[in-house]
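For reference, the structure discussed in these notes is given below.
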Amino acid sequence: MVPDRPAPAALGTLALLVGLAGCAYLPAPPPPVPTSVVPSAAPAPSATAGGTQLSPDGFDAAQRMAVRIRNIGCGALSTGSGFALDEHTLVTNRHVVADSAELQLSTYDGRDVGAEAASTAGLADLAVVRTVDALPAAPVLADADPQVGDAVTVVGYPLGRRLTVTDGSVVGAVTDPLHANLGEVLVTDAPVEPGSSGSAALDAQGRVIGVVYAKNADGMSFLVPVSTLRAMLDDDTAFAPAPTCD
């Protein structure tokens, strides 16, 4: 167990506690393609599970499975992250996709992916989104939660901007202050920022060991552990259609 720390922040909390859903942060649009340039078509990488094989453009599997999420709500815009579970399903946080009028998804290479339907869990801060288009790569879920001291790598889109990879370690486990009925969540020192909500936390073998959902004023990040994620995915009643702003 870690020492008592300030509770992690919920979505939209400012003051001393920092939430992880980024609001109104959008990357700058790319410059227009010159009309004199004829782009060449690179083969799209097929969906893979785990591993560190590089795609033709130099990205590894951990980076290829990360997805940037823009939640276009009624009068509000927020950003978050997610990761592919399989070719047409991604995992993120409930607070990333709730109260949306439209979800905009994009992959590591800037490709837009159509969102078909989103479902949220009632117990944990988790959601799944079905996609119309295929996602480039999917990781392997670890069989068990990590131990204190194990390495952690977080892959996501902090501030809704460029794809970022940060490293740290598991420093402990605490009872989730935001969802008391959930039980224990993991605490790590891997740096995260607003917009990192829904990012995959990976072990040294590239397997998913948790899902980032918050951080506290001390900069510690909080993960829904993979054991909870697996339990939710195995329960047909765990997810319901995500609330919209309509």
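Tell me which residues, restricted to region 168-183, are touching a helix residue (DSSP H, G or I) at 6+ places or on another chain (Cβ under 9 Å) and farther than 18 Å from THR120 by Cβ. Within region 168-183, THR175, GLY183 qualify.
Taking the condition open to solvent by 10 Å² or more (accessible area, probe 1.4 Å), over 29 Å from THR175 (Cα atoms) and assigned to a strand (DSSP E or B), does LEU103 pass? Judged against the criteria, LEU103 is a match. Residues that are touching a residue at least 60 places away in the same chain (Cβ under 8 Å), in a loop (DSSP other than H, G, I, E, B) and not acidic (Asp, Glu) are absent from region 223-235.
Select from region 71-100 the residues that are in contact (Cβ under 8 Å) with a residue 60 or more places away in the chain, charged (D, E, K, R) and either more than 23 Å from THR164 (Cα to Cα) or surrounded by fewer than 23 Cβ atoms within 10 Å (Cβ to Cβ) (or both) and list them in ascending order. Across region 71-100, the qualifying residue is only ASP99.
Residues checked against (1) loosely packed, with under 14 Cβ neighbours inside 10 Å; (2) at pLDDT 95 or above:
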| residue | (1), (2) |
| --- | --- |
| GLY110 | yes, no |
| PRO139 | no, no |
| ALA144 | yes, yes |
| VAL152 | no, yes |
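LEU159 falls short on exactly one of the conditions (1) buried (at least 24 other Cβ atoms within 10 Å of the Cβ); (2) in contact with a Gly (Cβ under 7 Å, 6 or more places away or on another chain); (3) within 20 Å of SER106 (Cα to Cα), and that condition is (1). Answer yes or no: is there a residue in region 54-63 that is modelled with pLDDT of 90 or more, at negative phi and touching a strand residue (DSSP E or B) at 6+ places or on another chain (Cβ under 7 Å). So far as region 54-63 goes, no, none of its residues is modelled with pLDDT of 90 or more, at negative phi and touching a strand residue (DSSP E or B) at 6+ places or on another chain (Cβ under 7 Å). Taking the criterion of being assigned to a strand (DSSP E or B) and either among the hydroxyl-bearing types (Ser, Thr, Tyr) or modelled with pLDDT under 95 (or both), the residues of region 208-221 that qualify are TYR213, ALA214, LYS215, SER221. When GLY75, GLY82 are screened for being of a type outside the set (Asp, Glu) and farther than 21 Å from ALA201 by Cβ, only GLY75 passes.
Say whether the condition of being over 13 Å from the mean Cα position of the chain (by Cα), closer than 20 Å to SER81 by Cα and of a type in the set (Val, Ile, Thr) is met by at least one residue in region 189-204. The answer is no; no qualifying residue exists.
When we screen SER199, SER169 for residues that are of a type in the set (S, T, N, Q), free of Cβ contacts under 8 Å to residues at least 40 places away in the same chain and touching a strand residue (DSSP E or B) at 6+ places or on another chain (Cβ under 6 Å), the only hit is SER169. If you go through region 209-234 and keep only what is under 13 Å from LEU126 (Cα atoms) and open to solvent by 60 Å² or more (accessible area, probe 1.4 Å), you end up with just ARG230.
Taking region 112-126 as the range and being open to solvent by 30 Å² or more (accessible area, probe 1.4 Å) and either out of contact with any Leu (no Cβ under 7 Å at 6 or more places or on another chain) or charged (D, E, K, R) (or both) as the test, the residues that pass are ASP112, GLU116, ALA117, SER119, GLY122. Residues of region 170-207 that are small (Gly, Ala, Ser) and either in a loop (DSSP other than H, G, I, E, B) or open to solvent by 30 Å² or more (accessible area, probe 1.4 Å) (or both): ALA180, GLY183, ALA190, GLY195, SER196, SER197, GLY198, SER199, ALA204, GLY206. Taking region 79-100, which residues are more than 22 Å from VAL185 (Cβ to Cβ) and assigned to a strand (DSSP E or B)? Listed by number, the residues that qualify are THR79, ALA84, ASP86, THR89, SER100.
The values are calculated or read from the model by the stated rules, or taken from the named source; none is laboratory data. Just so you know, these numbers come straight off a predicted model, no measurement behind them. Backbone-built Cβ (ideal geometry, glycine too); neighbour counts: all protein chains shown. We work out accessible area using only protein heavy atoms, side chains counted, and drop any ligands, DNA or RNA first. Shrake-Rupley method; radii C 1.70, N 1.55, O 1.52, S 1.80 Å.
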